[in-house]
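Worksheet: one structure, shown below.
What follows draws every value from the coordinates through simple rules; no lab data is involved. Please read all numbers here as calculations on a predicted model, not as lab measurements.
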Amino acid sequence: MKRGATKEEIIRTTLDLITRNGLRAVRVDEIAQMLGISKRTLYEMFADKNDLISACLNDMARQQRQHIDADRKRRSGNALQKTLRLVNTYVDSLYKVDPSFLSDIRHKIVFAEYYDEHREFWFRELTRDFDVCRNEGLLLAEIDSRSLAEQLIGTLFELRLNNTSREELYMLCKTILRGAATQAGIDWIDRKR
């Protein structure tokens with residue numbers, strides 16, 4: 001039996017199972033077996049299955065924030081271009097996991113905090129980008145950035161749960177942004193088609 005599986009290895013293995021199969025499919029026995037450790041060893045590091053899943057969700061959030069921060073630093077182009085890339089990054093994040101994971105995280109009360117934090121993170125990021133677009137004259141002045149972000153995130157999330165294709169979500173994002181754009185924003189979006 002393998003000795004000394006690290007917390008990071010356990011989290012990485014569990015995260016792989018969660019993203020592929022959803023929260024309900026995670027079994028501590030299977031994780032321990034995959035890592036060649038006993039359940040007892042696993043429970044020495046994590047109080048219970050929910051504690052392990054919480055650690056995985058924290059790790060996912062950390063990775064996502066690092067990715068966004070790194071992307072923000074290297075993004076070039078106008079504010080609308082940056083915003084469209086951010087929206088597409090959100091769409092991509094929805095496709096890194098099975099829809100059952102998204103449904104589980106939203107409905108399981110013990111993980112509601114993580115679901116809420118995840119949504120709030122994206123709302124803040126998109127609201128900030130929409131504000132910059134509006135200030136640069138690329139989105140209509142009357143657009144409420146927070147409302148647009150909330151509606152967009154909610155719509156994309158629901159469509160992902162209903163197995164809408166990634167490409168359809170990309171096109172929907174572009175269409176919604178075009179509808180909220182000034183003529184300058186529309187001209188830029190239309191040139192990118």
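Near the amide H of Ala181, within less than 5 Å, lie the amide hydrogens of Leu140, all on another chain or at least 5 residues away, with H placed in the peptide plane. Within straight-line reach of Lys96, meaning a Cα separation under 12 Å, sit the following aspartates and glutamates at least 8 residues removed in sequence or on another chain: Asp16.
Structure shown: which of Lys108/Lys174; Lys73/Lys174; Lys39/Lys108; Lys7/Lys73; Lys49/Lys82 lie over 27 Å apart, alpha-carbon to alpha-carbon? From Lys108/Lys174; Lys73/Lys174; Lys39/Lys108; Lys7/Lys73; Lys49/Lys82, over 27 Å: Lys108/Lys174; Lys7/Lys73; Lys49/Lys82. Couplings 3J(HN,Hα) for the stretch 98-106, derived from phi with the Karplus relation 6.51 cos²θ - 1.76 cosθ + 1.60 (θ = phi - 60°), are 5, x, 5, 4, 4, 5, 4, 5, 6 Hz, where x marks Gly and Pro. Start at zero, step by 10 Å, and the Cα-Cα distances of the stretch 1-56 spread as 26, 64, 11 percent across the bins. Counting only DSSP H runs of at least 4 residues, each contributing -39500 (n - 2.57), and dividing by the residue count of the chain, the helix-based mean residue ellipticity at 222 nm comes to -24500 deg cm²/dmol. Computed log10 I(q)/I(0) for the stretch 92-193 at 0.16 Å⁻¹: -0.75, from the Debye equation with unit scatterers placed on every C-alpha and solvent omitted.
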